[in-house]
Amino acid sequence: MKIVDVHTHMLSHEYLELLAEPYTLVDGMVHRGGAPFLTLTPAMFDYDLRLAAMDAAGVDTAIVSLTCPSVYWGGEELSLRAARLVNDQMAARSGDRIRFLATLPWQYPDLAVAELKRAVDAGAVGVMVLANIDGASLTDPRFTPVWEAVDLLGLPVLVHPTTPPGVELMDMGRYHLAWSAGFTFDTTLALSRMILDGFFDRYTQLKIIAGHAGGYLPFLMGRLDVGHRTWESARAAIAERPSGYTDRIYVDSIVYDPRALDLTVSVFGADNVLYGSDFPHKNGHMEEIIDLVRGLPGNQAERILGGNAERIFRL
């Protein structure tokens, strides 16, 4: 059984040297608004360590991506420079076992569309976008040209959380709450908005993969349906109830609890859940999530661990 990791990250020291406000690097951690959300680890910078860890866990292919804060900072020139740097570095390591998702300067749509083409030509098999783009919603009309370009190519897009807007006001500086509660809220809000905004009716070819099982989305889907039934504003852009879109959304398996994974599979279906590890973050252990998935019935586990990713990424 082939195992494909669709949510796993790589960085470089050159990328970190370009990092600019509002982000700061303090004692090996990236902060925003006083809240730490990214702790650096050696394997983030070392592909040999990554491959050794993949061998130990039995992972065949890793589809690597940059993590938050991506390149949504520093102005037009610096954002594009950082995106091109990351894409070039990942393309240089791309092969049978390492594939990569393109990083784009989404704040500048013309540049993002051009960089998308360049990255795909260099071997990118999809795109990564954060759940908010420097505070802007993914459904903001300014990003329409980028989504249209991605949709035309039919690419998978990993929606990865970052610090939610207003993190400075929500007392997330303690207990790593930006990581635990903040990240999952960020993804939940982004995907809920996309559903209610008619995003999945407009873009029918791309494949959205929501990180960390879509945040709270498996738990929240019934509430979204009731909101759609109750409030006229929730029906303004879509006639179909929100749960009717679950077959058009993919999610990963990074939930850590078999009860949460059971709910995720129940809501989205075993064909729409993909294995991810979050390696090499401190919380990202490949074996932990593999063991979690293997607790599912065998045909479901096989699809989630690799079959679904091979299909949607055309590996």
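Every number here is computed from the coordinates shown, using simple stated rules; none is lab data. If you're wondering where the values come from, they're calculated on a predicted model, not measured in any experiment. Positions of Cβ are generated from backbone atoms using ideal geometry, with glycine treated the same way; all protein chains shown enter the neighbour counts.
What helices (runs of 4 or more DSSP H), lying completely within segment 139-216, carry at least 3 residues that are more than 29 Å from Arg314 (Cβ to Cβ)? Once the helices (runs of 4 or more DSSP H) in segment 139-216 are filtered for at least 3 residues that are more than 29 Å from Arg314 (Cβ to Cβ), what remains is 183-196. If we scan segment 159-181, do we find a residue that is farther than 23 Å from Arg84 by Cα, touching a residue at least 12 places away in the same chain (Cβ under 8 Å), in contact with a Ser or Thr (Cβ under 7 Å, 6 or more places away or on another chain) and not hydroxyl-bearing (Ser, Thr, Tyr)? Yes, because at least one residue in segment 159-181 is farther than 23 Å from Arg84 by Cα, touching a residue at least 12 places away in the same chain (Cβ under 8 Å), in contact with a Ser or Thr (Cβ under 7 Å, 6 or more places away or on another chain) and not hydroxyl-bearing (Ser, Thr, Tyr).
Answer yes or no as to whether Ala131 is out of contact with any Ser or Thr (no Cβ under 6 Å at 6 or more places or on another chain), within 30 Å of Arg314 (Cβ to Cβ) and surrounded by 23 or more Cβ atoms within 10 Å (Cβ to Cβ). When the stated conditions are applied, Ala131 does not pass them.
Condition test on Leu78, is it surrounded by fewer than 17 Cβ atoms within 10 Å (Cβ to Cβ) and either assigned to a strand (DSSP E or B) or out of contact with any Ser or Thr (no Cβ under 7 Å at 6 or more places or on another chain) (or both)?
yes
Residues in segment 1-24 that are without any contact (Cβ under 8 Å) to a residue 60 or more places away in the chain and part of a strand (DSSP E or B): Tyr23, Thr24.
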